[in-house]
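To keep things clear, I will list the structure first and then write my remarks on it.
Each reported figure results from applying straightforward, stated rules to the coordinates on display, with no laboratory input. Owing to the predicted nature of the structure, the values given are computational and were not obtained by experimental measurement. Virtual Cβ from ideal backbone geometry, glycine too; neighbours counted across all protein chains shown.
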Amino acid sequence: MAPAQLIVESAESAYPVIIQPGALIDALPRFVIERGFKQTAVITNTTLAPLYGQALAARLPGGFVITVPDGEQYKNLDSMQRIYTRLLEGGADRGTLIVALGGGVIGDMAGFAAATFMRGIAFVQAPTSLLAMVDASIGGKVGIDLPQGKNLVGAFKDPLGVFADTITLQTLPPVELRCGLAEAVKSALVGDPALLDVFCPYQPDRLEEIIARSAAVKIKLVEIDRLEKGPRAYLNLGHTFGHAIEQASGYAWKHGEGVALGLVAAARLSEQRELCPPGVAESLEQILSGLGLPVRYDHLSPADLWDAMRHDKKWQEGTARFVLLSGEDTLVPVVVSDVTRAEVLAVLEGLREDA
Ligand SMILES: NC(=O)c1ccc[n+]([C@@H]2O[C@H](COP(=O)([O-])OP(=O)(O)OC[C@H]3O[C@@H](n4cnc5c(N)ncnc54)[C@H](O)[C@@H]3O)[C@@H](O)[C@H]2O)c1
Ligand SMILES: [Zn+2]
């Protein structure tokens, strides 16, 4: 497939999403130079700085690297303080460009720095994880975690562009690749059902196409609903169950793993409610387990998971809102808000390892 160049149109701006091997070497530096930036701060982590950060900064006008430690636990105010300090030490001003080089953690944090430093400066996303390429780098949601919970502080800040260099995926740990694939399966279910064929069985040589088509699904929903008042919520398919298992397991489950189990749970709940024909959950299970993703859990009770779900910030005023799948041949996402505890427990009971 030819390199993909997508455009995100929103009320405030339009920006390109470029998915291309070598984008960090040519497309991104060219873009920065053409825009006339004189200084570029590449914000990345300690894993990615030696792999890609130093080399990228050397290709950018006035490029310098700011590193933070690697991990979701560092998506916090301490790292923000470090970023602001390093920006000032580097002489950054309102004309400086930030490049967010990394997975979703770096994208969210560097984007938040761009939204807030000197009341906002320009930034571009250079996602290096599959999850960030298909999801986190698009849509303008940026932010950090607080000790009380994830993503509690943030902003909407669109990048000037997204540059996904697919060569970087060669160093991505396999578990992270699988987690990104879980999100891609979700995108297919939400907005591009024909994409599911690429996963039956999985065709790794079509990864670039998977990224471009998943990104296109996110772009479409973000364009019609930038501030997440309506259809953007479809992207939360599988996430109510997914977040619950992530949280109840003390984050032993990774986000994408939780999403995989959550997709199966959402499909089972859809079948249970006769929104979709029997067999949907079964074929989804085959796809996800074929990708090496978990579709069963143990060590936790359905009641524990239900309790974790009720603390999800997406539950409005205590009512359960689930994205489910509806339809006969073609499935479409629907938001359902009258799901009962008994229904959820029944689904969760059926997904225990020993059930
Ligand atoms: N803003 C949004 O719309 C949005 C959407 C989804 C998720 N997120 C956020 O994204 C974060 C999760 O993102 P993630 O899954 O990318 O996690 P991550 O950023 O922690 O990256 C996962 C791991 O892979 C490493 N890594 C990334 N790219 C690599 C590469 N090319 N080579 C080697 N190692 C590499 C990272 O250093 C890290 O250790 C969460 O904080 C979540 O809240 C944001
Ligand atoms: Zn997700």
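How large is Rg/Rh for segment 181-335, to two decimals, with Cα atoms and a Kirkwood Rh? Mind showing how you got there, number by number?
On the way: Rg = 14.9 Å, Rh = 15.8 Å.
Reported Rg/Rh (Cα atoms, Kirkwood Rh): 0.95.
How big is segment 4-120 on each of its three principal axes, counting only the C-alpha atoms and giving the largest first in Å?
36, 32, 27
Rounded to the nearest 0.05, what FRET efficiency do residue 209 and residue 229 have when you use their Cβ-Cβ distance and R0 = 35 Å? Mind showing how you got there, number by number?
Details: r = 31 Å, r/R0 = 0.88.
Between residue 209 and residue 229 the formula returns 0.70.
Starting from 0 in steps of 5 Å, tell me what percent of the Cα-Cα pairs of segment 151-202 lands in each bin.
5, 14, 15, 17, 24, 18, 6, 2
Take the Cα atoms of the chain, find their three principal axes, and give me the spread along each one in whole Å, biggest first.
58, 44, 36
Work out how much length residue 76 to residue 46 would gain on full extension: take 0.36 nm times their residue separation and subtract the Cα-Cα distance, in nm to one decimal. Please report the intermediate quantities before stating the final value.
Values: separation 30, 0.36 × 30 = 10.80 nm, distance 1.57 nm.
Contour length minus the Cα-Cα distance gives 9.2 nm.
Checking the table 186/220; 38/141; 38/220; 141/254; 150/218 against a 23 Å threshold on Cα-Cα, which pairs fail? Numbers along the way, then the final one.
Details: 186/220 14 Å; 38/141 26 Å; 38/220 33 Å; 141/254 20 Å; 150/218 21 Å.
From the list (186/220; 38/141; 38/220; 141/254; 150/218), the Cα-Cα distance tops 23 Å for 38/141; 38/220.
Put a dot 7 Å past each Cα toward the Cβ at residue 153 and residue 338; how far apart are the dots in nm?
So the two model labels end up 4.2 nm from each other.
Tell me the relative contact order for the chain as a rounded percent, counting alpha carbon contacts under 8 Å between residues six or more apart. Before the final figure, lay out the partial values.
Details: 668 pairs, mean separation 47.6, N = 355.
About 13 percent, as a whole number.
If r is the Cβ-Cβ distance from residue 26 to residue 55 and R0 is 22 Å, what FRET efficiency results, to the nearest 0.05? Kindly include the intermediate steps, with their values, before the conclusion.
On the way: r = 13 Å, r/R0 = 0.58.
Plugging the Cβ-Cβ distance into 1/(1 + (r/R0)^6) gives 0.95.
Please compute the modelled spin-label separation between residue 286 and residue 196, points set 7 Å along Cα→Cβ, answer in nm with one decimal.
Here the answer is 1.1 nm between the modelled labels.
Can you work out the FRET efficiency for the pair residue 300 and residue 146, with r the C-beta to C-beta distance and R0 = 35 Å, to the nearest 0.05? Write out the running numbers ahead of the final one.
Working: r = 25 Å, r/R0 = 0.72.
Using R0 = 35 Å, I get an efficiency of 0.90.
Considering only DSSP beta bridges whose two residues both sit in the chain, what percent are antiparallel, to the nearest 5?
On the way: 17 of 37 bridges.
Antiparallel bridges: around 45 percent, rounded to the nearest 5.
Can you give the charge dipole size of the chain about its Cα centre, rounded to the nearest 20 debye, using +1 on the beta carbon of Lys and Arg and -1 on the beta carbon of Asp and Glu? Walk me through the intermediate numbers first.
Working: 31 positive and 42 negative charges, 254 e Å.
My answer is approximately 1220 debye.
So what are the three principal axis dimensions of segment 93-224 from its Cα atoms, in whole Å, longest to shortest?
49, 31, 30
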